[in-house]
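Report on the structure given below.
The values are calculated or read from the model by the stated rules, or taken from the named source; none is laboratory data. These numbers were taken from a predicted model, which means no experiment stands behind them. Neighbour counts run over all protein chains shown; Cβ positions are idealised from the backbone, glycine included. To get the accessible areas, we keep the full protein, side chains included, count just its heavy atoms, and leave off ligands, DNA and RNA. Shrake-Rupley method; radii C 1.70, N 1.55, O 1.52, S 1.80 Å.
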Amino acid sequence: EQINGGRSPFYFYDGNYYCIKKCRLKKIALSECVGATVVDEKNAFFEYLILRNNNGTFVINTDGEILIPNRVYDEIQYAGNDCVLVQTDGLWGVVSLDNIVLIDFKYEGITALWLHDQIYYCFENEEGEVGVIDKCGNLVISPLYKDIELLWGTNGSMWFKVTQDFVSYGIIDE
């Protein structure tokens, strides 16, 4: 069974995980993978896979190597090709697949916003308001809104749909 309907290089068959590597199907022979399930299968299309077993959540690559081991973070979610969203002690941040902190753990929530080849993050503060930061953690949009969605971008400009009350909406640029 191919994970994520064909968009992922990973497969699951007969209780084992496999990946396509150099046009060959390779079994991932990690004891951690036995009984593990895919976290967020609809986003499992990168060159890494987030799995959860009884010991926690961990990340593997297509070589069958553990990139981020169990018990390091409370939660791990997909963000992009080279980083993941992680939660520890109730706060969210961003780490690289080398487990280097890219954005400190200080947000109540965080999601990735992709624009072509650029990544931004929508974050939630303690008051439940959301804003946007860039991949370095620099503030792009102050947390003044209840919801922000990336609409589109052209020639370096980004446009967002925002609401302050979940009833009326507006469009702003960065």
field: Phi to ³J(HN,Hα) by Karplus 6.51 cos²θ - 1.76 cosθ + 1.60 over segment 91-100, Hz, x for Gly, Pro
entry: 10, 9, x, 10, 10, 6, 6, 8, 6, 9
- line: Ser157 and Leu144 label points (each 7 Å along its Cα→Cβ direction) are spaced in nm at 1.9 nm
- line: With every protein chain in place, the accessible area of Lys146 for a 1.4 Å probe, in Å² rounded to the nearest 10, comes to 80 Å²
query: Computed over the Cα atoms, what is the radius of gyration of the chain divided by 2.2 N^0.38 Å, N being its residue count?
result: 1.14
- prompt: How would Thr62, Thr88 line up by accessible area, probe 1.4 Å, largest first?
  reply: Thr88, Thr62
query: When N counts the residues of segment 94-136, how does its alpha-carbon radius of gyration compare numerically with 2.2 N^0.38 Å, as a ratio?
result: 1.18
message: Starting from the 7 Å offset along Cα-to-Cβ, what nm value, one decimal, do you get for the label separation of Arg71 and Arg24?
response: 3.4 nm
query: Applying 1/(1 + (r/R0)^6) with R0 = 35 Å to the Cβ-Cβ distance of Asp104 and Val34, what FRET efficiency is obtained, to the nearest 0.05?
result: 0.55
message: Let me check against my output: what whole-number percent is the relative contact order of the chain, with C-alpha pairs under 8 Å and at least 6 apart?
response: 9 percent
query: Shape of segment 1-59 from its Cα gyration tensor (a ≥ b ≥ c, root eigenvalues): rounded if a/c is under 1.5, otherwise prolate when a/b > b/c, or oblate?
result: oblate
field: Under Karplus coefficients 6.51, -1.76 and 1.60, residue-wise ³J(HN,Hα) of segment 71-87 in Hz, glycine/proline x
entry: 6, 7, 10, 6, 9, 9, 9, 5, 10, x, 5, 10, 7, 9, 8, 9, 10
